[in-house]
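Data block below; observations after.
What follows is calculated from the coordinates using simple rules that are stated; it is not laboratory data. A quick note: this is a predicted structure, and the numbers were derived from the prediction, not measured. Heads up, the Cβs are rebuilt from the backbone with ideal geometry, glycines too, and the neighbour counts pull from every protein chain shown.
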Amino acid sequence: MSNASEHVVIVGAGHAGGALSGFLRQYGFQGRITLVGAETTPPYQRPPLSKAWLKDTTDTEALLLKAPSWYDEGGAALRLGRTVLSVDEAARCVELDGGERIPYDHLVFATGASARRLTIPGADLEGVTYLRDLVDADKIKSRLRNARRLAIVGGGYIGLEVAATARHHGVDVIVLERETRLLSRSASDPIARHLRELHASQGVACAFGVEIAAIEGQAGQVTGIRLADGSIVDCDTVLVGIGAVPNSAIAQPLGIATEGGIPVDSEGRTSAAHVWAIGDVTRRPLAHFPGQYRLESVPSALEQARRVACSIVGRELPAHELPWFWSDQYDAKLQIAGMPAASDTPVLRGDPTQGKFTVFHLSRGTLCAAECVNNPGEFLAAKKAIAAGARAIAERLADPHTKLSDALAGKASEPAAAVQ
């Protein structure tokens, strides 16, 4: 059936929305595509913002998912610097700021997530920054050129990547973390210890178990952070990295329960007719893992974009992908396959002091995740083994002299429930 008369409206012109428009054309969609985004830059990659962009080793052209000519030649119509105010589900159209109404046959929410904001005195001072988009990154880049000391609130991946980049520029850095270690919700103890030692070797200070009471300033500029115990952390720039909140409010009037993100099925469908959602804004099922998850991950967004595009054009769906993530800090490349949170038995393989090792994770004897530092071979092997539901023998897995294939004991008899 021809889709030439159909119109796909994508709300959100970020990485997920931009990728979806490309996959639709790649898979033969002949109808209209409209991308509506609050930013004024065409869809671009987010991961380089905390690294290459801040180091001035890339430019806007390299960030873009598609050249501007692709849109000009009919790839997709861009409505940049615009906001969707409402969705008329009965009429199947969206209303933009300024009153423009755009009809749709398929509506896709790709609205992403926003940085969780500090709500303490001084949070609005000049020099308090967040990192979610290119405007944020440019502001941080400008600050780092003349910064004396950067204080990072939150010991997550974004903060640590910016810490590494700031040290590249010679800026003093201190990380302030409320928990007792780095990456308390997203990485194992061995990974957190290794990254803390790596950052310490580069001159980054870390303070744990601290509460932020206020940001101090003079003449509207940041001068320090006051902790709950009354002590002052001297700094002239602050990066806040305390998580993100899904931009799901647009879906609420459609009767979609949006707490914790927009819930979708394995093909990206919401509970509203003709309405889909992809990317960081979604709560989604995962192959090999029961339950629903909100993943802030480029690979996850791309998988969803592919599946939604295939569903819209009537193409056979691609196989489900195992969730995976990565982070680059100094000369360390961390690659994570699977879901470490599902683990009941972590297994360290290799020597962290050598800068190359893996933390494997078992769930009732089945391999469910692997965190690999400078170990791409084991990362690729682990991805395949986890997807296959392989069981593992912990003692063999821990021995780096034992081949990984010899440490795996075959497929689990009762693998975790997979997405259908």
Report task. Scan segment 134-188 for GluC sites (Glu not before Pro) in coil per DSSP, keeping those whose Cβ has at most 15 other Cβ atoms within 10 Å, and list them by number. Result -> 179
Query - Where only alpha carbons of segment 214-350 are counted, the Rg and the Dmax (Å) - result: 20.4, 61
Query raised in the report: For the residue pair residue 97 and residue 61, what label-to-label distance in nm results when each label sits 7 Å from Cα along the Cα-to-beta-carbon direction?
Result: 3.1
Query raised in the report: What is the spin-label model distance, in nm, from residue 356 to residue 207 if the labels are put 7 Å beyond Cα along the C-beta direction?
Result: 3.9
**Report entry** In segment 270-365, the GluC sites (Glu not before Pro) that fall in loop regions by DSSP, at most 10 other Cβ within 10 Å
**Finding:** 316
**Report entry** Alpha carbon convex hull of the chain, volume per residue in cubic angstrom
**Finding:** 154
Report task. Go through segment 174-258 and name the trypsin sites (Lys or Arg not before Pro) that are in a DSSP coil and have 11 or fewer other Cβ atoms within 10 Å of their Cβ. Result -> 185
Requested in this report: Could you list 363, 69, 327 in order of exposure, starting from the residue whose Cβ has the fewest other Cβ atoms within 10 Å?
Outcome: 69, 363, 327
Query raised in the report: Given 0.36 nm per residue, what is the gain on full extension from residue 319 to residue 197 after removing their alpha carbon distance, in nm?
Result: 40.0 nm
Query raised in the report: How many angstrom separate the Cα center of segment 19-36 from the Cα center of segment 317-332?
Result: 24
Query raised in the report: Ratio of segment 214-283's C-alpha Rg to 2.2 N^0.38 Å, to two decimals?
Result: 1.80
Query - Label-reachable residues, segment 221-236, where backbone N falls under 15 Å from a point 7 Å from residue 139's Cα toward its Cβ - result: 221-222
Query raised in the report: When averaged across all projection directions, what area in nm² does the alpha-carbon convex hull of segment 331-411 cover?
Result: 4.6
Query raised in the report: How many nm is it between the label spots at residue 39 and residue 105, if each spot is 7 Å from the Cα in line with the beta carbon?
Result: 2.9
Report summary line: Assertion target for 88, 328, ordered by fewest C-beta neighbours within 10 angstrom first, is 88, 328
Report task. Give, in whole angstrom and from largest to smallest, the semi-axes √(5λ) of the equivalent ellipsoid of segment 117-242, with λ running over the eigenvalues of the Cα gyration tensor. Result -> 21, 17, 13
Query raised in the report: Based solely on its DSSP helices, what 222 nm [θ] is calculated for the chain when runs of n ≥ 4 H residues each add -39,500 (n - 2.57) and the sum is averaged over all residues, nearest 500 deg cm²/dmol?
Result: -6500 deg cm²/dmol
